[in-house]
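Student: The structure follows.
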Amino acid sequence: MRAPVTRHAPVRESTPAELIDQLGIRRVLAFAAHPDDVDFGASATLAALSDHGVEVTLCLLTAGDAGGFDPARSPEETARIRAEEQRAAAEVVGISEVVLLTERDGFVAPTYELIGEVVRQMRRVRPDVVLSSHPERAWDRLQKSHPDHLACGEAVVRAAYPAVENPFAYPELTGQGLEAFKVRHLLLMGAPAERVNLTVDVGGFEQRKLEALDRHFTQHRDAERMRGFVLDQLRTTHASGGYAEAFHHVVVNDEDTISGF
Ligand SMILES: [Zn+2]
């Protein structure tokens, strides 16, 4: 009897410079539900892109007001501290702008209103690549798939197609000069293993990632263990002993795409 065959998507390995060239990246807009999500999922890649001159904007859906381990701290105080922590981490990574939306931590849902906010940011920044957490649950490590991460991914994917490119969706935005715009590429972090089709070689940026993660002081019960875990993941993701971050790359629009609403 033959062994069952597991079919996974072919995984493309890229250096940051190759990725910039292949996708034509000048601007990246990253969405995350919580402060520290992009630092866990993509900060080494974003640091490398930023060092190559790519402009990176981060849009947080919540201020992470339900995070941390201090029962005496109010949600308002936690939100204030975590927004500060994210700004400090963004500086380490080279993110030039942090936008903070007003969703409540633990309550994120892909509502018409949230998708509208996401569309607003996409039309304002007009990025070449949109980065987000993945909308599908990863059963191999459930912690990648906090319900807010899944909801963030769902809102971003729904916004990327069709709302952002449909001039009749969110007409109030068109009235504000935020014209319909086509997203070309999605890079989704925290993807289920079988969806990963791109790894980015982030050798030389692993320390920047750890430095960015260190800025989220309130979130680490055991910072040393967290660092070990993160480095382990980067090593496991690289095919030959280096450091890499993993993504599900989706081409939303290219020259051959036929669109329809
Ligand atoms: Zn999170």
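Student: Out of (1) closer than 13 Å to ALA44 by Cβ; (2) within 16 Å of the ligand (Cβ to nearest atom); (3) open to solvent by less than 10 Å² (accessible area, probe 1.4 Å), what's the single condition that is false for VAL202?
Tutor: That leaves (2) as the condition not met.
Student: Something else now. What pairs come up if the first residue lies in segment 49-69 and is part of a strand (DSSP E or B), the second is among the acidic types (Asp, Glu), and their beta carbons are under 6 Å apart, counting only those six or more places apart or on different chains?
Tutor: THR57/GLU97; LEU61/GLU103; THR62/GLU103; THR62/ASP105
Student: Got a number for residues in segment 180-195 being small (Gly, Ala, Ser) and surrounded by 24 or more Cβ atoms within 10 Å (Cβ to Cβ)?
Tutor: Looking only at that region, the number is 2.
Student: Would you please name the residue that is nearest to HIS216 (Cα to Cα), looking only at residues in segment 55-92 that are among the charged types (D, E, K, R) and open to solvent by less than 20 Å² (accessible area, probe 1.4 Å)?
Tutor: GLU85
Student: Filter segment 137-163 for residues that are away from the ligand (no atom under 16 Å from the Cβ) and out of contact with any Phe, Trp or Tyr (no Cβ under 6 Å at 6 or more places or on another chain) and give the result.
Tutor: Hits for segment 137-163 are TRP139, ASP140, VAL157, ARG158, ALA159, ALA160, TYR161, ALA163.
Student: Being out of contact with any helix residue (DSSP H, G or I) (no Cβ under 6 Å at 6 or more places or on another chain) and of a type outside the set (A, V, I, L, M) is the filter here; which residues of segment 180-202 pass it?
Tutor: Matches in segment 180-202: ARG184, PRO192, GLU194, ARG195, ASN197, ASP201.
Student: Of all the residues that make up segment 14-45, how many are buried (at least 24 other Cβ atoms within 10 Å of the Cβ), away from the ligand (no atom under 16 Å from the Cβ) and in a helix (DSSP H, G or I)?
Tutor: Total satisfying the criteria: 4.
Table: residues versus (1) over 17 Å from HIS248 (Cα atoms); (2) in contact with a Leu (Cβ under 9 Å, 6 or more places away or on another chain); (3) open to solvent by 60 Å² or more (accessible area, probe 1.4 Å).
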position: GLU117; (1), (2), (3): yes, yes, yes
position: ARG126; (1), (2), (3): yes, yes, yes
position: VAL130; (1), (2), (3): no, yes, no
position: GLN143; (1), (2), (3): yes, no, yes
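Student: Then there is this: Considering segment 93-109 alone, what residues qualify as being open to solvent by 20 Å² or more (accessible area, probe 1.4 Å) and over 16 Å from the mean Cα position of the chain (by Cα)?
Tutor: Answer for segment 93-109, where residues must be open to solvent by 20 Å² or more (accessible area, probe 1.4 Å) and over 16 Å from the mean Cα position of the chain (by Cα): THR102, GLU103, ARG104, GLY106, PHE107, ALA109.
Student: Give the number of residues within segment 213-251 that are open to solvent by 30 Å² or more (accessible area, probe 1.4 Å) and part of a loop (DSSP other than H, G, I, E, B).
Tutor: The qualifying residues number 9.
Student: Could we say that ARG73 is part of a helix (DSSP H, G or I) and more than 16 Å from the ligand (Cβ to nearest atom) here?
Tutor: no
The values are calculated or read from the model by the stated rules, or taken from the named source; none is laboratory data. Please read these numbers as outputs of a predicted model, since none were measured by experiment. Cβ sites come from the backbone with ideal geometry, for glycine too, and all protein chains shown count toward neighbours. Keep in mind that these areas ignore ligands, DNA and RNA; they rest on the heavy atoms of the full protein, side chains included. Shrake-Rupley method; radii C 1.70, N 1.55, O 1.52, S 1.80 Å.
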